[in-house]
Amino acid sequence: MHHLPINLDVRNKVVIVVGGGDVAGRKVLSLIDAGALVTVIAPHLNDALRQLLAANRIIHLARNYADGDLAEAFLIIAATDDNAVNRAVAKEARMRSIPADIADTPELGSFTMPAVMSRGDLVITVSTSGKSPALAKKIREELEEVFGIEYGATLRLLGGIREKLLTEKGNSAYNKSLLSQLVAHGLPELIKEKRYDEIDHLLLELFGPGFTTNDLLREEKDHQ
């Protein structure tokens, strides 16, 4: 089974999760982090989901799934321990042409949720097309050792430079060339080792006055 990898904007979109156990809980956390409006349909919730409910982070329908529950959904997750229920959810999702992730039988759904590693705006996902979530988790944990928090800071720096260049300089083709040169200098390592003077020298050399880590990485430097 092959999927098209995409980054989907679910901010303020209704996502229905059927199931209240550990698998559902993990998926709900990912959805909330992405800004989704999550409704959980399940007779009972695990501790993590109860905490989210108490904090008004989710809506809970404390009952079993029923046909018609998915009518308003933008996205659907089926994560119960009842195969018949998951299949019923998959059937309604197909009928309504709503994308669905069916946890126990991914071939019945239209997408799967990969293991995710994030460092600020850097997001790396690992998918085994539903064949082995355990292996995807292991690979994600290995990536976490390689890509530290300095990669998030690197993206904030590059994003700030890009925005400033486009606003003040305008020539996007020229800017892309300069940004590529900057990336080639190993910014994550320089940031990790707090070699900000070297970064400032590079910024001055490539972009001229007005580009400094004091402005672009103020938050990181203030917390040292």
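The values are calculated or read from the model by the stated rules, or taken from the named source; none is laboratory data. Bear in mind the structure is a predicted one, so any value in this text is a computation, not a measurement. Heads up, the Cβs are rebuilt from the backbone with ideal geometry, glycines too, and the neighbour counts pull from every protein chain shown. For accessibility, only protein heavy atoms count, side chains too; no ligands or nucleic acids. Shrake-Rupley method; radii C 1.70, N 1.55, O 1.52, S 1.80 Å.
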query: About its Cα centre, how strong a charge dipole does the chain have in debye, to the nearest 20, once Lys and Arg get +1 and Asp and Glu get -1 at the Cβ?
result: 520
Stretch in the chain that is longest and holds no GluC sites (Glu not before Pro) that DSSP places in a loop and that have at most 12 other beta carbons within 10 Å: 73-192
- line: Here, the range 1-51 modelled as identical Cα point scatterers in vacuum has Debye log10 I(q)/I(0) at q = 0.14, 0.15, 0.16 Å⁻¹ of -0.39, -0.44, -0.49
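Carbon and sulfur together cover what percent of the accessible area of the range 26-97 at a 1.4 Å probe radius?
51
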query: Per residue, how much accessible area does the chain show when a 1.4 Å probe rolls over the protein heavy atoms, in square angstrom?
result: 59
field: Ellipsoid semi-axes in whole angstrom, largest first, where each is sqrt(5λ) of the Cα gyration tensor of the range 60-164
entry: 35, 18, 11
message: Compute for the range 1-99: radius of gyration divided by Kirkwood radius, i.e. Rg/Rh, restricted to C-alpha atoms, rounded to two decimals.
response: 0.94
message: I want to check the label-to-label distance for Asp197 and Arg87. Put each point 7 Å from Cα in the C-beta direction and report it in nm to one decimal.
response: 7.0
- line: For the range 114-184, the dipole about the Cα centre with charges only on Cβ (Lys and Arg +1, Asp and Glu -1), to the nearest 20 debye, works out at 200
- line: Computed curve, the range 130-189, Cα-only Debye sum without solvent term, log₁₀ I(q)/I(0) at 0.19 Å⁻¹, is -0.75
field: Between helix 22-33 and the chain: long-axis angle, C-alpha atoms, 0 to 90°, nearest 10
entry: 40
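Only sites in a loop by DSSP and with at most 16 other Cβ atoms within 10 Å count here; which trypsin sites (Lys or Arg not before Pro) in the range 32-124 make the cut?
Of the trypsin sites (Lys or Arg not before Pro), the ones in loops of the range 32-124 whose Cβ has at most 16 other Cβ atoms within 10 Å are Arg57, Arg63.
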Two-site label geometry, Arg63 and Glu107: point separation in nm, points 7 Å out along Cα→Cβ: 3.4
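State which entries of Lys13/Lys91; Lys131/Lys176; Lys13/Lys137 exceed 30 angstrom in Cα-Cα distance in the structure shown.
Flagged as over cut-off: Lys131/Lys176.
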- request: Calculate how steeply helix 83-96 sits against the longest principal axis of the alpha-carbon atoms of the chain, using the helix alpha-carbon long axis, and give the answer as 0 to 90 degrees to the nearest 10.
  value: 70
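Considering only the chain, what is the antiparallel percent among its DSSP beta bridges, to the nearest 5? The partial results should precede the final answer.
Values: 5 of 21 bridges.
The antiparallel fraction comes to roughly 25 percent.
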Translational D in µm²/s for the chain (Stokes-Einstein at 37 °C, 0.692 mPa s, Kirkwood Rh from C-alpha pairs): 163
